[in-house]
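Here the structure comes first, spelled out in structure tokens, and everything after it is commentary.
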Amino acid sequence: MHLLDIAENSIDAGADRIEIRIEEDMVNDILLLKVRDNGRGMDAETMAKVADPFYTTRRVRRVGLGLPFLSQAAEECGGSFSIASEMGKGTTVSASFKNSHIDRKPLGDIAATMTVLVAGNPRIDFFLEYAKDGFFYRFDTEEIRRDLGDVPINTPSVIEIIRRDISTGIKELLLKGI
């Protein structure tokens with residue numbers, strides 16, 4: 001859910017490309033999540049407030065819990081949280097976790113998360129890289145869109161193929177090196 005929330009923040013910030021990186025480093029016992037966008041970015045005043053759960057730029061609710069919850073989840077698992085942003089260039093959110101920590105939340109269904117993002121935002125390019133111990137799986141809607149030609153990327157049959165490809169790609173990756 002954290003990835004979905006951060007990606008939605010990127011969409012709200014006008015991003016047309018969102019890059020999501022997930023890395024499992026089993027040797028160093030680290031899980032790293034990184035989301036980078038090319039949205040409008042944040043000024044220093046906004047950056048100073050993003051960790052405050054009672055600050056949000058959204059008009060539909062008065063709290064902004066996504067980033068504070070991610071930060072808390074990372075720190076509770078012996079990890080860290082950081083955010084970097086530059087006006088007009090975009091924002092990068094990073095969180096690391098001790099992978100084996102008993103309180104580390106499961107990643108959830110990454111294929112379903114990416115499918116929801118692509119289906120609901122067909123004009124935005126999404127890039128996913130999932131890495132584990134030197135092996136990786138990559139997914140890029142920019143490449144898929146080129147191959148599809150005039151077929152919309154959010155056509156139900158295309159979305160199902162995307163979901164299946166991501167799910168299979170990640171499963172195969174996780175089985176490597178076992």
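Per the Debye formula with a single identical scatterer at each Cα and no solvent contribution, what log10 I(q)/I(0) holds for the stretch 69-146 at q = 0.20, 0.23 Å⁻¹?
-1.16, -1.23
Can you give the helix-only mean residue ellipticity at 222 nm for the chain, where every DSSP H stretch with n ≥ 4 adds -39500 (n - 2.57) and the sum goes over all residues, rounded to the nearest 500 deg cm²/dmol?
-11500 deg cm²/dmol
Which whole-number percent is the relative contact order of the stretch 109-178 (Cα, under 8 Å, 6+ apart)?
Relative contact order, the stretch 109-178: 39 percent.
Which pairs, out of Lys132/Lys171; Lys98/Lys132; Lys34/Lys98; Lys98/Lys176; Lys34/Lys176; Lys98/Lys171, put more than 19 Å between their alpha-carbon atoms?
On the way: Lys132/Lys171 11 Å; Lys98/Lys132 14 Å; Lys34/Lys98 15 Å; Lys98/Lys176 21 Å; Lys34/Lys176 22 Å; Lys98/Lys171 21 Å.
Where the Cα-Cα span goes over 19 Å, the pairs concerned are Lys98/Lys176; Lys34/Lys176; Lys98/Lys171.
Between the alpha-carbon centers of the stretch 21-37 and the stretch 66-112, tell me the distance in whole angstrom.
So the two Cα centres are separated by 9 Å.
Using Cα pairs under 8 angstrom and six or more residues apart, how large is the relative contact order of the chain, in percent? Walk me through the intermediate numbers first.
Details: 312 pairs, mean separation 41.2, N = 178.
Reported as a whole number, the value is 23 percent.
Tell me which label goes with the value of percent of Cα pairs over 25 Å apart computed from the coordinates here: (i) 46; (ii) 36; (iii) 30.
(ii)
Dipole of the stretch 3-51 (Lys/Arg Cβ +1, Asp/Glu Cβ -1, origin at the Cα centre): which of Ile6, Gly41, Ile22 lies farthest to the positive side?
Most positive-ward Cα: Gly41.
Computed from the coordinates by the stated procedures, all read-outs in this text should not be read as laboratory data. Quick caveat: nothing in here was measured; it's all calculated off a predicted structure. For neighbour counting, all protein chains shown are included, and Cβ atoms are generated from backbone atoms with ideal geometry for every residue, glycine included.
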